[in-house]
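Notes follow the structure.
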Amino acid sequence: MSEHVLIEHSGGVLTLTLNRPDKKNALTQAMYGAMAEAINAAQQDNQIRAVVIQGSDSCFTSGNDVGDFVNSPRSDTKSPVYHFLRAICHAEKPLIAAVNGPAVGVGTTMLLHCDLVFVADNARLKMPFVNLGLCPEAGSSFLLPRLLGHLRAAELLLLGEELSGQRATEIGLANHALPAGSAVLQAAQDAARRISELPPGSVKLTKQLIKKGVAQVAEQTMDAEGAHFTELLGSADAREALTAFIEKRKPVFASQ
Ligand code: COA
């Protein structure tokens, strides 16, 4: 378990709250591990009908901890991040996300595995994998074009363009954009509570039918992405980009 993920079960809803405010909720291996364990356990627990993943009323997550990327670059199938991604990919119970402020990297790609996504209208979603010398992860190279079409997915993944919560809702990456702050967290809780009052067998079957075939391809994609990602983490470009972030300077990429 991790002190940086608060886990609360109330009225059929399991809420996972990212709680590392001094690092903008950057995700460590311990945090991925705690979330994977909680989501997997929820699948076997009849008392839990829906899972909410949220940050605070001002920050969802700045993505993977950049220091971890540099010092302990793990993304193989035994790594906590892989367990987390597999857990959200195969979760049978509805996953609901509440996003305020930044949702960087896996902060955005994890939303592709959720069933309902509530965002602040001024939330900042971004997948700067290429900018960091890396490549898409979490099955996003399959899920994003499937959801948005090739051109929009390419713009977000190749250029690492940031988009607002308002825009994310317009293009189908989120369900509802709301005023920033507690309204977003409340909307996710309200939806989860509504789901918890529905017939659980029907909810489970409906999610299964909607996602039929998707999880398998997403996982295969994730495996392929993971192999490239791990290799790229050791590349000179990625090390320069990540070190530059830590040193708070602009990266300088050597010519090929
Ligand atoms: N990993 C580790 N530390 C991080 C982090 C991350 N992903 N994101 C932010 N932090 C740390 C900063 O280093 C800073 O630490 P310090 O106070 O010890 O210097 C602190 O969190 C606050 O971050 P800061 O950048 O000052 O906040 P901001 O409000 O100006 O910007 C973000 C917020 C999220 C937009 C910005 O921090 C950011 O772009 N983070 C990097 C995201 C990233 O590249 N993630 C990996 C994606 S694959």
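The values are calculated or read from the model by the stated rules, or taken from the named source; none is laboratory data. Here the structure is a predicted model, which means the values were calculated and not measured. Methodologically, a virtual Cβ is constructed for each residue, glycine included, from the backbone with ideal geometry; neighbour enumeration extends over all protein chains shown. Remember, those area values only see protein heavy atoms, side chains included, never the ligands or the DNA or RNA. Shrake-Rupley method; radii C 1.70, N 1.55, O 1.52, S 1.80 Å.
Miscellaneous remarks
- Residue count for the stretch 103-129, restricted to those that are open to solvent by 30 Å² or more (accessible area, probe 1.4 Å) and either within 10 Å of the ligand (Cβ to nearest atom) or aromatic (F, W, Y) (or both): 3
- Selection of first residues in the stretch 15-33 that are more than 22 Å from V184 (Cα to Cα) and of second residues that are near the ligand (Cβ under 9 Å from one of its atoms) and open to solvent by less than 60 Å² (accessible area, probe 1.4 Å), restricted to Cβ pairs under 7 Å at least 6 apart or on distinct chains, gives the following pairs, ordered by first then second residue: T28/D65; T28/D68; Q29/D68.
- Test: residue in the stretch 245-253 that is part of a helix (DSSP H, G or I) and either more than 22 Å from A98 (Cα to Cα) or under 18 Å from the mean Cα position of the chain (by Cα) (or both): yes
- Against the list (1) surrounded by fewer than 16 Cβ atoms within 10 Å (Cβ to Cβ); (2) more than 19 Å from the chain's Cα centre (by Cα); (3) at pLDDT 95 or above, the condition V217 fails is (2).
- Qualifying position, being at pLDDT 95 or above, more than 14 Å from the ligand (Cβ to nearest atom) and open to solvent by 20 Å² or more (accessible area, probe 1.4 Å), among L185, L143, L132, L173: L185
- Only residues that are more than 18 Å from T109 (Cβ to Cβ) and not in a helix (DSSP H, G or I) were counted across the stretch 183-230, and they come to 5.
- Annotation: E92 fulfils all but one of (1) within 13 Å of the ligand (Cβ to nearest atom); (2) open to solvent by 10 Å² or more (accessible area, probe 1.4 Å); the unmet one is (1).
- Cβ pairs under 6 Å, 6+ apart, first in the stretch 237-255 and without any contact (Cβ under 8 Å) to a residue 60 or more places away in the chain, second more than 12 Å from the ligand (Cβ to nearest atom): P251/E240
- Being open to solvent by 20 Å² or more (accessible area, probe 1.4 Å), in contact with a helix residue (DSSP H, G or I) (Cβ under 7 Å, 6 or more places away or on another chain) and of a type outside the set (D, E) holds for only one residue in R152, R167, R249, R194, and it is R152.
- Positions within the stretch 28-47 being buried (at least 20 other Cβ atoms within 10 Å of the Cβ) and either out of contact with any helix residue (DSSP H, G or I) (no Cβ under 6 Å at 6 or more places or on another chain) or outside any helix (DSSP H, G or I) (or both), in sequence order: T28, M31, A34, A38, A42
- For the stretch 63-74, the count of residues that are in contact with a Cys (Cβ under 6 Å, 6 or more places away or on another chain), open to solvent by less than 10 Å² (accessible area, probe 1.4 Å) and either over 21 Å from S141 (Cβ atoms) or within 16 Å of the ligand (Cβ to nearest atom) (or both) is zero.
- Cβ-Cβ distances below 9 Å connect the following pairs, each with a first residue in the stretch 76-98 that is in contact (Cβ under 8 Å) with a residue 60 or more places away in the chain, a second residue that is basic (K, R) and part of a loop (DSSP other than H, G, I, E, B), and a separation of six or more residues or different chains: Y82/R74; K93/R49; P94/R49.
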